[in-house]
Structures are given as structure tokens and as C-alpha cells.
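Data first, discussion second: the structure below is written as C-alpha cells.
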Amino acid sequence: MSTHRLTAPAPGWTATTDVVVVGSGVAGLTVALNVRKAGLRAMVVTKAMLDDGSTRWAQGGIAAALGEGDTPEQHLDDTLVAGAGLCDEDAVRTLVTEGPDAVRRLIATGAAFDRGADGEVLLTREGGHHRNRIAHAGGDATGAEISRALVAAVRTDPQIELIEHALVLDLLTDSEGHAAGLTLHVMGEGARDGVGAVRARAVVLATGGMGQVFSATTNPAVSTGDGVALALRAGAAVTDLEFVQFHPTVLWLGPEAEGQQPLVSEAVRGEGAHLVDADGVRFMVGQHELAELAPRDIVAKAITRRMREQSAEHMYLDGRHFGAEMWERRFPTILASCRTHGIDPVTEPIPVAPAAHYASGGVRTDRHGRTSVPGLYACGEVACTGVHGANRLASNSLLEGLVFAERIAADLAERHLAGELPERTVDVEAARAAHPVPLPASEARAEIQRLMSRGAGVLRSAASMAGTAAGLGLIAEQAYANAAEEKPADPRVETWEAANLLLVATALVAAAAQRAETRGCHWREDFPERDDAVWRRHLITTLAATGGPVSTPEEQ
Ligand SMILES: Cc1cc2nc3c(=O)[nH]c(=O)nc-3n(C[C@H](O)[C@H](O)[C@H](O)COP(=O)(O)OP(=O)(O)OC[C@H]3O[C@@H](n4cnc5c(N)ncnc54)[C@H](O)[C@@H]3O)c2cc1C
């Protein structure tokens, strides 16, 4: 049951559906399409336009054992290695076994993947994969094609109600503590303008990542960790928040660049581009058997180390040997985005540096996408199903969104058939009793990002994170003080997002500070070794009665 909620006006309107899905990326739209097959009505609520999440930006592709000689077992092995001892093996097995058919169903829904002259889906390789198993579309525009196909499919079904420009605020529960809907703010006109409520039999979070807690990220502006923050306020357990994957090769746009920055996909290295330092020397050779195609954390750390050694702000990715024809055919999006920023990869090496890319942790779920709050499900990047462990294997995330979205729909269908998915009545008393969290000023967003990038980025230490935690604490104190002095920040999209970012950042730093070891994509300068004896376990984070996040090591 929610003990906390965002400060917001009382709902002025109510709508009803069977399953309300928050988010319209690969995960959310797949849930909506599949619950419809069970005869349930679905409502998709999304913060901006339907295709405004990370899904549309995915370049490299989607991993699945589709190629000759490849097997789910080999995909499992590569995933477990990347996850550095913290994957849930059963969840990974589910992913890799159900993955190939899930991709075939995605193709049947209308997604057109690149094919060779023989008509077979082309497969490439990415970091950490020992086989060619990455299916791609439009060369390097895989996510855009998946998004296009799924958006087209949901638009043709009149029983899927789509609400764009609607920011979901908090979960509503019934008197038994079962999810019964949510509150949201619609930026529109007409009957559903402003804060309202949606009543539903079940709620699915598919809100994507939280890259915007850092100042340099590949994630779009909507990736503010809203789903994790909502889940925490609703009393759900979240886990593995400290494992943020920093993509090693993001186009470097200058020291002052902030927000979403263009990715130079791993597939560019997969096709043979080399990482070179300021002197033009390849530095990944000899560091790992896969050299430039080592898992992302290894490459990001190696780049960061070399940047420090050379006091450089970036390294270079050299793909000049591809030639113009290959750049244009295989990587048209990356080529265009580099050229927009004045770099021509055909004739010069690309300046690159690591940036926050993927949240391996999130709202804890079982293999059916169920969270610890009954009736609340999560899938896609917002969820922690256990498949990524301490580090995500490249191109496993679109697949995870797809597979676990289908599993949620299957679980809901089964419960519906068994009569276990009744209509719910919102417990109005409980909703009112939840403590309203004061909102920080909208300017807090940039300050949170700066604090996080400075103290909790690729390189972390107890001292750096203590500085970040103190800074975040001051922002929270200021919000409380302003509310107490009756000059609170206006409840609006910017301040709600700032409150979500603040909660998620605080929880992330608390977990990262507690994990006194280096593992996967979490690198501690003061604890450079992996410590299996103490730390081969998850940190489970929940919200204390005071509103602060508390991380507890999982029992072994
Ligand atoms: C540049 C880039 C390249 C990538 N490349 C790859 C790749 O090649 N292969 C791969 O597997 N993965 C890749 N990833 C990761 C992958 O794209 C994402 O993990 C995946 O698309 C997440 O899908 P999702 O459905 O969970 O969330 P998203 O696609 O991010 O969608 C989240 C949705 O939730 C909505 N939302 C958020 N908060 C709220 C709220 N409060 N109220 C209402 N709606 C809300 C958003 O508007 C959005 O519609 C890449 C990511 C990026 C950023």
C-alpha cells in the first residue's frame, strides 16, 4: 500500500479499463497487443508521443539464437558471463529459450528485419556474444522499425485506448492492497485534462530507463525513472539499482554537453572499427580476448582509464577502413548523426566517451513480471527480472522487453480465465492518507544530473558518493523547507519528474555506496576487486516510513 505519493491536485476525472499499461516502448505495446488476445481491454498511457521512449533509438539490434549452429544454451552462457555472478539463471533460460519465437512473432506483427540474398534474417555480432545472433533492421535503425511496427499494430485495434502526453503519477490500490489503477496528469484539452484517475484490474509499468539521472546519457528526455520511483512509493521492492551500464562509445560533443547524446553502436565495433587513444594507438588489444568487443563495462573502464592517463576528454573510434559505401549501407543513422555534428567517419576517427546507457536494475519481478505489490506488473527496462545481473549483455534488452511483456499478458490471461482478475474499487481513504512528497524546483533536474555524473558515474568511491548523497540531501531538504514555508514548487511535469529523479538518484547512490566491491558495470576505485564471499547477492531497496530509500542485502 502506498505510504507516499507525489504532491498533486486531487483527480478531477476518472476512466476505467481492464489493464492499464504505462509506457509505449517495445514492452508496453507488446503487453497491450497481447492482453487484447485474451479479450481484455487495454489502455496505454504514455508521457509524450507513442514512439518517444528508448525503443525507437535502439540501433544495434535484438539478440536471439536464430542462426545456424547457435543455441539458447550458448546465448545463456554469454549472458551469464556478462552478468558477473548476479543473473537469475532461470530468468535467463526463459529469455533465451522463448526469445527466438518472440522475435518471429514480432516479425509476424510487421517488423521488417534486414535479410540476405537468400531471404534469411541477417545476424551480426556485438560485444560479449560469441556468435552472430543480433538481428537488425534498416541497418542501424532496429528500434525505429520495431516501434513503427508495434505502433501501427496498436493503432488498428479499437479496444486499445491510447492516451499520449499523460504523465502517470502514482499507483492506486484497493482495500486489500491490490493494484486498482493509477493517478495521472493529462496535458490536453477536454474531459481528460489535468489530474485524473484510471481504474483497472491490473497495472503494468513499462516506463523504460532512468538515464536522465546523469548529465551525459544516450536515453531520451522521458527516461526519468518514473516507474521505479512510483513503485518505491507504492511499497514495491526494487533491486540492482547500482548496476548502470555506461555505453563506452557515445559521440563526444564537448565538455558542456548535457542530456541525450548520440550513440555509436557496438555494431560498429562488431563490423571491425578500432578504438584508438589520443596518439592513435589501439589500446583494447591485450586487455581482453575479445579486444574492442569485450563486454561493455570492460571497454568503458578501459576508455575511462586511458582518458585519465592521457588527460584526454575522449578517445577515438576508427572506422575509416569501412569506406563510404559500407558506412552508408550499414550505418546510415550513425553516419548522419556524426555528420550533423561535423564529424565524417569515412575520413576521420570519431571522438567517443562513455555515457549512462542502460539500467540493469529496476522494479523487482518474478518470471511472470509480477512485482511485490499484488496486481502491479513491470517489464522492459523499468523491471529487474534477473536476466541482466550486474551487467546487461548487448542487445538483450529489446528481447527482454518482448519476452517478459508476453509473459505478463499470458499471466493476466490465465488469471482472467480463472476468474481471478475482478474489477477493483480504489481505496480512497488510503490514497488520501499517503504522505505527499514535496516537489523540488524544476532547476533541480540539472543539479541532480551534475551531482550524479560527478560522484556516481563510471568511477565511484565512498568519498565521491558521499559528496553526491549530501548534495541530493540538500535538494530534498530545500523542497521540504519550501513546502513548510508555504512556498512549494508548482505541481507540474517538470517538478514531478525532478521528484522522481531525486528519489531514484538517492536510491541508486545508497545502493552503490553500500556495495563495497567492483562487479559488472559497478566500478569502485576504493574496492577494485569482486568480492563473491560477501557481495554475490542483490541489494533490495524499499522506501522507509520517513520517505528515504533503504537497501538491504538479500539473504544468501
Ligand atoms: C541510444 C540507445 C540505443 C540502444 N540500442 C539497443 C540495441 O541495439 N539493442 C537493445 O536490445 N537495446 C538497446 N537499447 C536499450 C533499449 O532500447 C531499451 O532498453 C528498450 O527499448 C526499453 O524499452 P521499454 O519499452 O522498456 O522502454 P522505452 O522504450 O524507453 O519506453 C518507455 C515508455 O514509458 C513512457 N513513460 C515513462 N515515464 C512515464 C510516466 N510517468 N507516465 C507515462 N509514460 C511514461 C515513455 O514516454 C515511453 O513511452 C538502446 C537504448 C538507447 C537509448
Original post:
Would you call R392 at pLDDT below 95, away from the ligand (no atom under 16 Å from the Cβ) and among the basic types (K, R)?
Top reply: no
Subject >> Those residues of the range 94-104 which are of a type outside the set (A, V, I, L, M) and buried (at least 16 other Cβ atoms within 10 Å of the Cβ), in sequence order >> reply: T94, T97, E98, G99, P100
**OP:** Could you tell me whether any residue of the range 483-494 is of a type outside the set (F, W, Y) and in contact with a strand residue (DSSP E or B) (Cβ under 6 Å, 6 or more places away or on another chain)?
**Re:** yes
Original post:
Is it the case that R115 is open to solvent by 10 Å² or more (accessible area, probe 1.4 Å), more than 21 Å from E414 (Cβ to Cβ), free of Cβ contacts under 8 Å to residues at least 12 places away in the same chain and in contact with a strand residue (DSSP E or B) (Cβ under 7 Å, 6 or more places away or on another chain)?
Top reply: yes
**OP:** Report the residue count in the range 466-490 for those that are under 24 Å from the mean Cα position of the chain (by Cα) and crowded, with 22+ Cβ neighbours inside 10 Å.
**Re:** 2
Original post:
Out of (1) buried (at least 16 other Cβ atoms within 10 Å of the Cβ); (2) away from the ligand (no atom under 16 Å from the Cβ), the odd one out for E429 is which?
Top reply: (1)
**OP:** Can you confirm whether the range 124-141 contains a residue that is of a type in the set (S, T, Y), within 9 Å of the ligand (Cβ to nearest atom) and open to solvent by less than 50 Å² (accessible area, probe 1.4 Å)?
**Re:** no
Original post:
Is it the case that A10 is at pLDDT below 95, in contact with a Lys or Arg (Cβ under 9 Å, 6 or more places away or on another chain), more than 8 Å from the ligand (Cβ to nearest atom) and open to solvent by 20 Å² or more (accessible area, probe 1.4 Å)?
Top reply: yes
Original post:
With respect to T495, is the statement that it is surrounded by 19 or more Cβ atoms within 10 Å (Cβ to Cβ), in contact (Cβ under 8 Å) with a residue 40 or more places away in the chain, of a type in the set (S, T, Y) and within 16 Å of the ligand (Cβ to nearest atom) true?
Top reply: yes
**OP:** Sort out which residues of the range 444-463 are assigned to a helix (DSSP H, G or I) and within 24 Å of the chain's Cα centre (by Cα), and write them in order of number.
**Re:** A444, R445, A446, E447, I448, Q449, R450, L451, M452, S453, R454, G455
Original post:
Inside the range 46-89, can you point out the residues that are of a type in the set (S, T, N, Q), within 25 Å of V250 (Cα to Cα) and within 10 Å of the ligand (Cβ to nearest atom)?
Top reply: S54, T55, Q59
Original post:
Before we move on, is R530 closer than 25 Å to A355 by Cβ and open to solvent by 30 Å² or more (accessible area, probe 1.4 Å)?
Top reply: yes
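Somewhere in the range 192-206, is a residue touching a His at 6+ places or on another chain (Cβ under 7 Å) and surrounded by fewer than 24 Cβ atoms within 10 Å (Cβ to Cβ)? Don't jump to the end; show me each part of the working.
Of the residues in the range 192-206, the ones touching a His at 6+ places or on another chain (Cβ under 7 Å) are 194-195.
Checking the rest, the ones that are also surrounded by fewer than 24 Cβ atoms within 10 Å (Cβ to Cβ) come to 194-195.
Yes, that holds for at least one residue.
Out of curiosity, is P158 surrounded by fewer than 24 Cβ atoms within 10 Å (Cβ to Cβ), part of a loop (DSSP other than H, G, I, E, B) and within 9 Å of the ligand (Cβ to nearest atom)?
no
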Subject >> Residue that is farthest from the ligand (Cβ to nearest atom) [pool: residues in the range 36-45 that are of a type in the set (G, A, S) and open to solvent by 20 Å² or more (accessible area, probe 1.4 Å)] >> reply: G39
**OP:** Kindly provide the set of residues from the range 171-223 that are under 20 Å from S453 (Cβ atoms) and away from the ligand (no atom under 14 Å from the Cβ), ordered by number.
**Re:** S215
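Conditions tested, residue by residue: (1) modelled with pLDDT of 90 or more; (2) of a type in the set (S, T, Y); (3) buried (at least 17 other Cβ atoms within 10 Å of the Cβ).
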residue: R296; (1), (2), (3): no, no, yes
residue: S311; (1), (2), (3): yes, yes, no
residue: P332; (1), (2), (3): yes, no, no
residue: A336; (1), (2), (3): yes, no, no
residue: H341; (1), (2), (3): yes, no, no
Subject >> Pairs, first free of Cβ contacts under 8 Å to residues at least 12 places away in the same chain in the range 516-529, second buried (at least 21 other Cβ atoms within 10 Å of the Cβ), C-beta under 8 Å, six or more apart >> reply: F527/T518; P528/T518
Subject >> Among (1) within 14 Å of the chain's Cα centre (by Cα); (2) part of a helix (DSSP H, G or I) - the single one H247 does not satisfy >> reply: (2)
Subject >> Which numbered condition V96 fails, given (1) closer than 18 Å to R199 by Cα; (2) within 16 Å of the ligand (Cβ to nearest atom); (3) outside any strand (DSSP E or B) >> reply: (1)
Original post:
For the range 265-283, what are the residues that are within 11 Å of L317 (Cβ to Cβ), of a type in the set (A, V, I, L, M) and in a loop (DSSP other than H, G, I, E, B)?
Top reply: A273
Original post:
Scanning the range 351-361 for residues that are closer than 18 Å to D318 by Cα and within 15 Å of the ligand (Cβ to nearest atom), which turns out farthest from the chain's Cα centre (by Cα)?
Top reply: V352
Original post:
Would you pick out the residues in the range 396-417 that are open to solvent by less than 10 Å² (accessible area, probe 1.4 Å) and either closer than 17 Å to T207 by Cα or within 8 Å of the ligand (Cβ to nearest atom) (or both)?
Top reply: N396, L399, E400, G401, L402, V403, F404, A405, I408, A409
Subject >> For D226: the one exception among (1) among the acidic types (D, E); (2) within 13 Å of the ligand (Cβ to nearest atom); (3) open to solvent by less than 10 Å² (accessible area, probe 1.4 Å) >> reply: (3)
Subject >> Residues being assigned to a helix (DSSP H, G or I) and either crowded, with 18+ Cβ neighbours inside 10 Å or among the basic types (K, R) (or both) - total across the range 313-330 >> reply: 5
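The values are calculated or read from the model by the stated rules, or taken from the named source; none is laboratory data. The shown structure was predicted, so the numbers you read here are calculated from the model rather than taken from an experiment. No Cβ is skipped: glycine too gets one built from the backbone with ideal geometry, and neighbour counts run over all protein chains shown. To get the accessible areas, we keep the full protein, side chains included, count just its heavy atoms, and leave off ligands, DNA and RNA. Shrake-Rupley method; radii C 1.70, N 1.55, O 1.52, S 1.80 Å.
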